[in-house]
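Enquirer: Submitted below is the structure of interest, expressed as structure tokens.
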Amino acid sequence: MYVFDNFDPEIFLDYHWQKSPVVFRRTFNKFVDPLDEHELAGLAQDPRIDSRVVSLEKTNWQVEHGPIADFEKACKGHWSLLVQSVDQHIDEADQLIRMFNFIPYWRLDDLMVSFSNEGAGVGPHLDQYDVFIIQGKGSRRWQAGDKGEYPTFFPHPDLSQITQFEPIIDEVLLPGDMIYIPAGCPHNGVALEDCMNYSVGFRAPSQQDLLSSFADYSIDLGLFKTRYQDRGLTPRRDPSELAQAEISSFRKMLHETIDSPHFERWLTSHFSNTQLNQGYDEQHNPDYTLSEILDLFDEHTIFERQPGVRPVYLTKNDPQHSLEFFIEGQAFFAPAKYVPAVRELLKSPTWQYQASSTTATPLSVNHFWVQLMSELVNAGAWLPKEETY
């Protein structure tokens, strides 16, 4: 549905990525909005979905967090409705964000969609992550500046803004245009009419985020229980002293945790977690048996990858090595001989079982595919289409 018309990923990464803001004209010729403001409002009423309305009436900024029950009350003056992770709920939005898969899935965060009336915006501000903003219907004036030190203030407890900045970009974007803003660059967008915008955000984890997650993972799995030892300790003249040799021993203990294979596995699992369908009622999860999956294979059923599903795996250079991949922190495995086919599955929006011409007893000969697809289907990652062929 979406194709880049005037945008080259390789040139972009060479000349613009994390360097300075840039506008791309007609990135998507004849751009089609993946949803409209009414559908966006419907998502904002769902308690599982992160949404908010930011409004400015005269000089009074207000922020109301979803679920939004009364839009007339929330949408006063100049207002914007912003909804996070729309790619997890709308197929076409998922297709749009996957246009940016020239950057790895683990770096990709979500597609935030906003609808603004004339004059609306969220004020000049900084983001700590890189973002592409695609203009949908309507038009918006964008100003963006260079990285620098900009004092922040809070016109509302839930709204961070900065004082005025010197723009190096000051342009009006029309449907299909796109602006890229690196992390730390000030920017401000003001709607010139009713308009839709699509923000592709990227993860930028802090050291604090990583340390906290790794510690939780270690505790959950009962890892790294080696205790400190100090054989050869000699009498200490000053008992208050923490010696440099002791500091080196503690540093070595921590290095051993990071250098262990557990670190790589945690990192892969960590970045597979997008909080997909957070709050989803587990009672409504699929529950297919192996024989039901086999029946679907026999019926030539097409399995569709669900919106927001972005698998992550650790690269192994050994062709004889099995593959472990993660979806939402859940691990899946493939023996070495199936690795190329599984990698193709993970890249494809749809998948259909192709039986071998020598197949005699499908369940025994192709137990791997039956087992894997049952796990993926019951995890809600791939689901069978209703149509059969």
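Enquirer: Quickly run through the stretch 213-247 and pick out the residues that are closer than 25 Å to LEU267 by Cα and either outside any loop (DSSP other than H, G, I, E, B) or free of Cβ contacts under 8 Å to residues at least 24 places away in the same chain (or both).
Expert: SER213, PHE214, ALA215, ASP216, TYR217, SER218, ILE219, ASP220, LEU221, GLY222, LYS225, ARG227
Enquirer: Now, a different point. Inside the stretch 65-82, can you point out the residues that are of a type in the set (A, V, I, L, M, F, W, C), open to solvent by 40 Å² or more (accessible area, probe 1.4 Å) and free of Cβ contacts under 8 Å to residues at least 40 places away in the same chain?
Expert: Across the stretch 65-82, the qualifying residues are ALA69, PHE71.
Enquirer: Right, next: List the residue pairs whose Cβ atoms are under 7 Å apart, where the first residue sits in the stretch 171-188 and is of a type in the set (D, E, K, R), the second is in a strand (DSSP E or B), and the two are 6 or more positions apart or on different chains.
Expert: As it stands, the answer is GLU171/VAL23; GLU171/TRP142; ASP177/VAL23; ASP177/PHE24; ASP177/GLN135, since those pairs meet every condition given.
Enquirer: State all residues of the stretch 323-334 that are closer than 19 Å to HIS367 by Cα, in contact (Cβ under 8 Å) with a residue 12 or more places away in the chain and open to solvent by 60 Å² or more (accessible area, probe 1.4 Å); if no residue qualifies, say none.
Expert: First pass over the stretch 323-334, keeping only residues closer than 19 Å to HIS367 by Cα: 323-325, 331-334.
Add one more test, that the residue is in contact (Cβ under 8 Å) with a residue 12 or more places away in the chain, and what stays is 323-325, 331-332, 334.
Scanning the stretch 323-334 gives no hits.
Enquirer: How many residues are farther than 18 Å from PHE333 by Cα and open to solvent by 60 Å² or more (accessible area, probe 1.4 Å) if we restrict to the stretch 254-266?
Expert: Qualifying residue count, the stretch 254-266: 5.
Enquirer: Just name the residue that is surrounded by the most Cβ atoms within 10 Å (Cβ to Cβ) out of those in the stretch 1-10 that are out of contact with any helix residue (DSSP H, G or I) (no Cβ under 7 Å at 6 or more places or on another chain) and assigned to a loop (DSSP other than H, G, I, E, B). Let's see the steps before the verdict.
Expert: Residues of the stretch 1-10 out of contact with any helix residue (DSSP H, G or I) (no Cβ under 7 Å at 6 or more places or on another chain): 3, 5-10.
Of the ones still in play, those that are also assigned to a loop (DSSP other than H, G, I, E, B) are 3, 5-8.
Details: VAL3: 9, ASP5: 14, ASN6: 13, PHE7: 17, ASP8: 12.
Checked the stretch 1-10; the qualifying residue surrounded by the most Cβ atoms within 10 Å (Cβ to Cβ) is PHE7.
Enquirer: Quick one: in the stretch 11-38, which of the residues that are touching a residue at least 60 places away in the same chain (Cβ under 8 Å) and in a helix (DSSP H, G or I) is surrounded by the fewest Cβ atoms within 10 Å (Cβ to Cβ)?
Expert: Per the criteria, the residue is LEU13.
Enquirer: Sort out which residues of the stretch 48-64 are in contact with a Phe, Trp or Tyr (Cβ under 7 Å, 6 or more places away or on another chain) and free of Cβ contacts under 8 Å to residues at least 60 places away in the same chain, and write them in order of number.
Expert: VAL53
Enquirer: Can you tell me how many residues in the stretch 83-117 are in contact with a Ser or Thr (Cβ under 8 Å, 6 or more places away or on another chain) and free of Cβ contacts under 8 Å to residues at least 60 places away in the same chain?
Expert: 2
Enquirer: Among the listed residues LEU290, LEU314, LEU276, which satisfies the condition of being touching a helix residue (DSSP H, G or I) at 6+ places or on another chain (Cβ under 7 Å), surrounded by 13 or more Cβ atoms within 10 Å (Cβ to Cβ), among the aliphatic types (A, V, I, L, M) and modelled with pLDDT under 85? Can you show your working first?
Expert: On the way: LEU290 fails: modelled with pLDDT under 85; LEU314 fails: modelled with pLDDT under 85.
Answer to the check: LEU276.
Enquirer: Quick one: would you say ASN60 is touching a strand residue (DSSP E or B) at 6+ places or on another chain (Cβ under 8 Å) and surrounded by fewer than 20 Cβ atoms within 10 Å (Cβ to Cβ)?
Expert: For ASN60, the condition - touching a strand residue (DSSP E or B) at 6+ places or on another chain (Cβ under 8 Å) and surrounded by fewer than 20 Cβ atoms within 10 Å (Cβ to Cβ) - is not met.
Enquirer: I've got another one for you. Among the residues of the stretch 118-164, how many are out of contact with any Gly (no Cβ under 9 Å at 6 or more places or on another chain), within 23 Å of HIS89 (Cβ to Cβ) and either open to solvent by less than 40 Å² (accessible area, probe 1.4 Å) or assigned to a strand (DSSP E or B) (or both)?
Expert: The number of residues fulfilling the criteria is 1.
Enquirer: Residues of the stretch 215-229 being open to solvent by less than 70 Å² (accessible area, probe 1.4 Å) and either at pLDDT 95 or above or farther than 16 Å from SER272 by Cα (or both), which ones?
Expert: ALA215, SER218, GLY222, LEU223
Enquirer: Working carefully through the options PRO384, PRO349, PRO340, PRO307, find the one that is out of contact with any Cys (no Cβ under 8 Å at 6 or more places or on another chain), modelled with pLDDT under 95 and farther than 29 Å from HIS89 by Cβ.
Expert: PRO340
Enquirer: Across the stretch 170-212, what is the number of residues that are of a type in the set (S, T, N, Q) and either within 16 Å of the chain's Cα centre (by Cα) or assigned to a strand (DSSP E or B) (or both)?
Expert: Number satisfying all stated conditions: 4.
Enquirer: Just to be sure before I move on: is LEU43 in contact with a strand residue (DSSP E or B) (Cβ under 7 Å, 6 or more places away or on another chain) and assigned to a helix (DSSP H, G or I) in the structure I sent?
Expert: Spelling it out, LEU43 is indeed in contact with a strand residue (DSSP E or B) (Cβ under 7 Å, 6 or more places away or on another chain) and assigned to a helix (DSSP H, G or I).
Enquirer: Hey, among the residues in the stretch 352-363 that are assigned to a loop (DSSP other than H, G, I, E, B) and either open to solvent by less than 80 Å² (accessible area, probe 1.4 Å) or of a type in the set (Phe, Trp, Tyr) (or both), which one's modelled with the lowest pLDDT? First the steps, then the outcome.
Expert: Taking the stretch 352-363 as the starting set, the residues that turn out to be assigned to a loop (DSSP other than H, G, I, E, B) are 353-361.
Restricting the remaining residues to those that are either open to solvent by less than 80 Å² (accessible area, probe 1.4 Å) or of a type in the set (Phe, Trp, Tyr) (or both) gives 353, 355-356, 359, 361.
On the way: TYR353: 90, ALA355: 69, SER356: 59, THR359: 44, THR361: 47.
That would be THR359.
Enquirer: Using the structure shown, decide if MET112 is of a type outside the set (D, E, K, R), closer than 23 Å to GLU328 by Cβ, open to solvent by 10 Å² or more (accessible area, probe 1.4 Å) and in a strand (DSSP E or B).
Expert: It is true that MET112 is of a type outside the set (D, E, K, R), closer than 23 Å to GLU328 by Cβ, open to solvent by 10 Å² or more (accessible area, probe 1.4 Å) and in a strand (DSSP E or B).
Enquirer: Same structure, new question: Only one of (1) modelled with pLDDT under 90; (2) under 30 Å from SER85 (Cα atoms); (3) not β-branched (Val, Ile, Thr) fails for GLY232. Which number is that?
Expert: Going through the list (1) modelled with pLDDT under 90; (2) under 30 Å from SER85 (Cα atoms); (3) not β-branched (Val, Ile, Thr), GLY232 breaks only (2).
Enquirer: Scan GLU304, GLU299 and give me the residue that is within 26 Å of the chain's Cα centre (by Cα), acidic (Asp, Glu) and surrounded by fewer than 19 Cβ atoms within 10 Å (Cβ to Cβ). Please lay out each step first, then the result.
Expert: On the way: GLU299 fails: within 26 Å of the chain's Cα centre (by Cα).
Result: GLU304 is the single residue among GLU304, GLU299 that is within 26 Å of the chain's Cα centre (by Cα), acidic (Asp, Glu) and surrounded by fewer than 19 Cβ atoms within 10 Å (Cβ to Cβ).
The values are calculated or read from the model by the stated rules, or taken from the named source; none is laboratory data. Everything numeric here is computed off the predicted structure, so don't read it as measured data. Virtual Cβ from ideal backbone geometry, glycine too; neighbours counted across all protein chains shown. With ligands, DNA and RNA removed, areas are computed over all heavy atoms of the protein, side chains included. Shrake-Rupley method; radii C 1.70, N 1.55, O 1.52, S 1.80 Å.
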